[in-house]
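The values are calculated or read from the model by the stated rules, or taken from the named source; none is laboratory data. Small disclaimer: the values here were computed from a predicted structure and weren't measured. Note that each Cβ is placed from the backbone with ideal geometry, even for glycine, and that neighbours are counted across all protein chains shown. Only protein heavy atoms, including side chains, enter the accessible area calculation; ligands, DNA and RNA are left aside. Shrake-Rupley method; radii C 1.70, N 1.55, O 1.52, S 1.80 Å.
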There are 2 protein chains.
Amino acid sequence: MPSIDSDTHLLIGALIFEDMDQCDLTGPFEALSRVPNATFKTIAKDTTPIRDLRGLRILPDLSIEDAPQLDVLLVPGGYGQEALMDDEQVIAFLRRQARHARYIFSVCTGALLCGAAGLLEGKRATTHWTAMEVLPLFGADPVNDRVVIDGNLISTGGVTAGIDGSLTVVSLLRGNEAAEEIQLYMAYDPKTPFTAGSPETAPPRVLRTVTERAKAITERRMDTGRRYQRSRQHETSADR
Amino acid sequence: MPSIDSDTHLLIGALIFEDMDQCDLTGPFEALSRVPNATFKTIAKDTTPIRDLRGLRILPDLSIEDAPQLDVLLVPGGYGQEALMDDEQVIAFLRRQARHARYIFSVCTGALLCGAAGLLEGKRATTHWTAMEVLPLFGADPVNDRVVIDGNLISTGGVTAGIDGSLTVVSLLRGNEAAEEIQLYMAYDPKTPFTAGSPETAPPRVLRTVTERAKAITERRMDTGRRYQRSRQHETSADR
């Protein structure tokens, strides 16, 4: 049963940004934009269109400056997440929203953005499989599950895991039947034509190729994580 | 093995339109925009942003007028498909592309748009489960599968079936390993939190609710289909 009165209107929003992975937004949008008695808004640093890392252009509804307090904030990932890890406006927005949001919902490497905002400290969390080793640098306890819930933080694995996670979020907000109705509308009864969707099931050669392709971005993410960790240790010792 | 030389650059495009279901585009975009040696363009009646039926705004790359011949044309669906069933510019575009495209790839009720362009005549095809009964009015043989291939027509069931279909399209264009690499990147190893993704598996009450909700649009689609059928019969008798 959902914990929220069905008469309470819910405001759901997603941070969107240049070089994000569009599916981290659009998969969950399909479910979350259908939550009964709720509104969904896309939010960016400003209201000019953003371009996802493969070129799809999406228009933000609101700027961060104009965004109200949300009930649920979706934080997608994608290579462009790295450029925001030190962005004071974005980090302040995430922290501000996290204080009163019912849920922070990270998809894929959106978890790393949450990490940069300090939202992963002491939390169980997940992310894209290529970035799992980055999570501990942000104080998180990495969990190799598709959807991980720890308090008000819901994190999912890579890209399409956001679809599974979004149905979980719908059920937390409005109950299982609302989630099932949306799942049926979305015809979400997957039949994958190949068996290669996780490191555990992909053929070894496919795993090697995709890991190698992600190597440069993974190294950048590790460097950023180490930098975060050093600055936290510095803060902690300064506090003593 | 794919039938196309890997040195041949492929042009992939999607028709996009007002009140489409964004996931019919964005699910397949995630895979098709990663096809090796290929370009993906969104194409609309003009280049002003379109708004999906839940409000997500997407920018077209090209107008129909400026669109070149494509190797693959993705035709998404959603309620807005009805408004284009008699749109001469759109119907002519679909017919023109279908003559030389390697594949026409319909997702969800995008199949009905293909039907209005005469592309379903004598073909096995599928669509969103609420619209299956509309297919025969366009001369199609409806098949209750998630992905149906008949010659150069690849059609999928509702919304998220487009993700499964797009991996099939990748494999036809560039081979199974290319599809598997993309699947692994997308972490497409679905674990649905509920079992309600098809009319066969959804709880009866959920099925009743969602069917009832779709009733008005289903009736409009049936009316349009009957109109198409009458005009085809008229043409055929005039040809005799």
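Note down the net charge around B:LYS215, summing +1 for each Lys or Arg and -1 for each Asp or Glu among other residues with Cβ under 15 Å from its Cβ. If you can, show how the numbers build up before the last one.
Working: positive: B:ARG208, B:ARG213, B:ARG220, B:ARG221; negative: A:GLU181, B:GLU82, B:GLU133, B:GLU212, B:GLU219, B:ASP223.
In short, -2.
Using the basic label-point model (7 angstrom from Cα toward the beta carbon), what is the A:GLU200 to B:ARG51 distance in nanometres?
Rounded to a tenth, the inter-label distance reads 4.4 nm.
Taking the label point 7 Å from Cα in the Cβ direction, how far apart in nm is B:ASN144 from each other copy of itself, listed shortest first?
3.9
Only helical DSSP H runs with n ≥ 4 go in: add -39500 (n - 2.57) per run for chain B, normalise by residue count and round the 222 nm mean residue ellipticity to 500 deg cm²/dmol.
Value at 222 nm, helices only, nearest 500: -12000 deg cm²/dmol.
How much accessible area does A:LEU135 have with a 1.4 Å probe, in Å² rounded to the nearest 10?
So the heavy atoms of A:LEU135 present about 0 Å² to solvent.
As a test question: what accessible area, to the nearest 10 Å², does B:HIS9 have when a 1.4 Å probe is rolled over all protein chains in place?
Ignoring ligands and nucleic acids, B:HIS9 comes out at about 90 Å².
Rounded to the nearest 20 Debye, what is the dipole magnitude of region A:10-239 about its Cα centre when Lys and Arg each give +1 and Asp and Glu each give -1 at the C-beta? Display every interim value, and only then the final one.
Values: 25 positive and 31 negative charges, 74 e Å.
In debye, rounded to 20, region A:10-239 gives about 360.
Excluding residues fewer than 8 places away in the same chain, name every one of the aspartates and glutamates whose C-alpha is closer than 12 Å to that of B:LYS41.
By straight Cα distance, B:LYS41 reaches B:ASP61, B:ASP66, B:ASP71.
Modelling each spin label as a point 7 Å along the Cα-to-Cβ direction, I'd like the A:ALA216/A:GLN89 distance in nm, to one decimal.
Each label point is offset 7 Å from its Cα along the Cβ direction, giving 2.7 nm.
Place +1 on the Cβ of every Lys and Arg and -1 on the Cβ of every Asp and Glu in chain B, take the dipole about the Cα centre, and give the residue among B:MET85, B:ALA178, B:LEU62 whose Cα lies farthest towards its positive end.
Value computed over the given set: B:MET85.
If you place +1 on the Cβ of every Lys and Arg and -1 on the Cβ of every Asp and Glu, how big does the dipole about the Cα centre of the protein assembly as shown come out, in debye to the nearest 20?
Charge dipole of the protein assembly as shown: 260 debye, to the nearest 20.
Could you give the accessible area per residue of chain A, probe 1.4 Å, as a whole number in Å²?
Numbers: 9400 Å² over 240 residues.
Dividing the accessible area of chain A by its residue count gives 39 Å².
Out of the GluC sites (Glu not before Pro) in region A:180-240, which ones are loop residues according to DSSP with at most 14 other C-beta atoms within 10 Å? The partial results should precede the final answer.
Details: sites: A:GLU180, A:GLU181, A:GLU200, A:GLU212, A:GLU219, A:GLU235; in loops: A:GLU200.
Qualifying residues, ordered by number: A:GLU200.
Any chance you could look up the accessible area of B:TYR79 with a 1.4 Å probe, heavy atoms only, rounded to 10 Å²?
90 Å²
List, shortest first and in nm to one decimal, how far the label point of B:ASP46 (7 Å from Cα along Cα→Cβ) is from its counterparts in the other copies.
2.6
Where the label is 7 Å out from Cα toward Cβ, how close does B:THR201 come to the same position in every other copy, in nm, shortest first?
Label point to label point, same position, other copies: 1.2 nm.
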